[in-house]
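A quick write-up on the structure given underneath.
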Amino acid sequence: MLPKEREFTGAFFTPQIWVELSQKYLTDVLGEDWQDEHYIWDCAAGTGNLLTGLTNKFNVFASTLDRQDVDVMKDRIQNGANLLVEHVFQFDFLNDSFDKLPKPLFDIINDPEKRKKLVIYINPPYAEASNKKTLQRIEGNRGVEQNAINKKYAALLGQGNAELFVQFLTRIYFEIPDCIIAEFSKVKILNGQHFINFRNFFEAKLEKSFVVPASTFDNVKGSFPIGFMIWSTSKKEKFKKAKFDVFDKTGNFIGKKKYFSYDDSQYINDWIKPYRADPKRNQLIGKFPFKGNDFQNQNMIQIVHHKMEYNVQAGQFLINQSNLKEACVYFAVRKTIKADWLNDRDQFLFPNRKWKKDDEFQNDCLAFTLFKNSIRSEHGTNHWIPFTEYEVNAMSKFESDFMSRYIAGKVNTQITTNLFSTLEKEKQEKIEFSTVAKAVLQAGLELWKYYHHDISTKQFYLGQKPNVNASLYDIREYFQGRNAAGRMNSKSEDETYMQLIGNLRNELKILAKKIEPKVYEYGFLKA
């Protein structure tokens, strides 16, 4: 285990735990005497904490945008920090010319041989152009979009130009060629769709790397990985894939993580879009938005009623009887594996064809989706009740028995496209669920039965109109209620309900674990 991190309140502070680890990795790559044989420049130094622990102050340079941070570093030198006063200076890396650098550093940058021994060792800011508050703190009123490097390389970077740290890396790559870059940054430069342009020109060998939780960095919010990557820019390689060491927030090594560029891949939304239902036809039962292809957007992928306004700007996948299986496969694939800080940027992909021949997999996805959707009957007819009125002892008929008929094989899944079509209707087989899926359905049935028993004994005799068409969302709302802020409570005082909903959730977890290996086997995710 590494030493405990120190507290710090400044922006973009690199915790001491990761400073020490990064310098160990640099020693592994460059050798025990690397600090004597190389020059080191932190061009986004802040107050210089990344340079703590370096031993050869004659080879170390530190620059930062703010005069105040320069003064802090010089005060630290007076109190024993191992830096030279003349090597600490104010410099706006995204605007200033290299002519403003101290002469020793300027000479290194302009000498091809010395440049090969220059290590740009940085933790640049992670602000995006859309994050106005963060930009104001970092760049005053100039922001991301107004700096000189942004203007110079905007066309080359495309959408990736919105990121400050990418602008740092781009200038270093083009204007300090053949140096070594040792940098902390978001790993989306390796696999994000907005950074394809960046990967097309940034050809360098990734020598060694690790990832840690972003939450361990001061003033960095969100659950995502921050990587430390050592690049040899003199070795021209396009990034395709790499295996990173993984450390938890306390500095314990917990395994390896593969990252892929995905540049030659098609994505899951490319796969599902052709299955969309025609919005002009009155056969819709629900929809979900096309929200990204990665885990970062997992919470946004929800199946809602097709009449509900939900993430309309993202585009909508409309569901009907002809594409229900594909919709459930898509939904289950994106929801069965929990999003966490490590898989945040993993991309869901266009699958191979094996999934089409696996009826059990498709039916498992259907069972999972039946009890994970966000359908609410208040928006219109609920077509997602997987049971009959007789099975749950309902007080009256459901508005729609679509799902129970679909499961029984009594729904025609072929849709006639026009009045003159002579296509034969596709025969649908009865759904045969796996043992694990049956356990989910049984747990769901017990919950529905309890709900219908409760509303028949309470609401009916109180003169209220019970909702016999309730979805799982409606059942949860009925038993759990809402707080003063309008949010659904996490628990209910009804112990029987809590046991039944707990049983259903446990069975769903077991089903999700059964589906998970197929997600990789069929190519929806890379392993």
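FYI, it's all coordinate maths here, none of it is from the lab. Computed from a predicted model, the values in this text were never measured in an experiment. Note that each Cβ is placed from the backbone with ideal geometry, even for glycine, and that neighbours are counted across all protein chains shown.
Some values worked out for this structure:
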| read-out | value |
| --- | --- |
| Whole-number percent relative contact order across the chain, with pairs defined as alpha carbons under 8 Å at least 6 apart | 10 percent |
| Sequence-distant residues sharing a close amide H with ASN82 (under 5 Å, placed H) | none |
| Antiparallel bridge percentage (DSSP; both residues within region 16-260; nearest 5) | 60 percent |
| 3J(HN,Hα) from dihedral phi, region 320-325, Karplus parametrisation 6.51/-1.76/1.60, rounded to Hz, x for glycine, proline | 9, 5, 7, 10, 4, 5 |
| Rounded tilt (10° steps) of 148-157 against the dominant C-alpha axis of the chain | 50 degrees |
| Above-threshold pairs, the threshold being 25 Å between Cα atoms, out of LYS256/LYS357; LYS307/LYS372; LYS257/LYS335; LYS117/LYS238; LYS188/LYS338; LYS243/LYS291 | LYS256/LYS357; LYS243/LYS291 |
| Computed [θ] at 222 nm, deg cm²/dmol, the chain (DSSP H ≥ 4; -39,500 (n - 2.57); rounded to nearest 500) | -10000 deg cm²/dmol |
| Rg/Rh ratio calculated on Cα atoms of the chain (Kirkwood radius) | 1.08 |
| Relative contact order computed over region 16-260 (Cα-Cα under 8 Å; 6+ residues apart), in percent | 15 percent |
| Kirkwood-Stokes translational diffusion coefficient of region 440-527, alpha-carbon pairs, 4 °C, 1.567 mPa s, µm²/s | 86 µm²/s |
| DSSP-defined antiparallel bridges as percent of all bridges, the chain, nearest 5 | 65 percent |
| Length-normalised contact order for region 183-281 - Cα pairs under 8 Å, 6+ apart - percent | 28 percent |
| Ranked list, fewest to most other Cβ atoms within 10 Å of each Cβ, for LEU445, LEU164 | LEU445, LEU164 |
| About the Cα centre, charge dipole magnitude for region 16-260 (Lys/Arg +1, Asp/Glu -1 at Cβ), debye | 1060 debye |
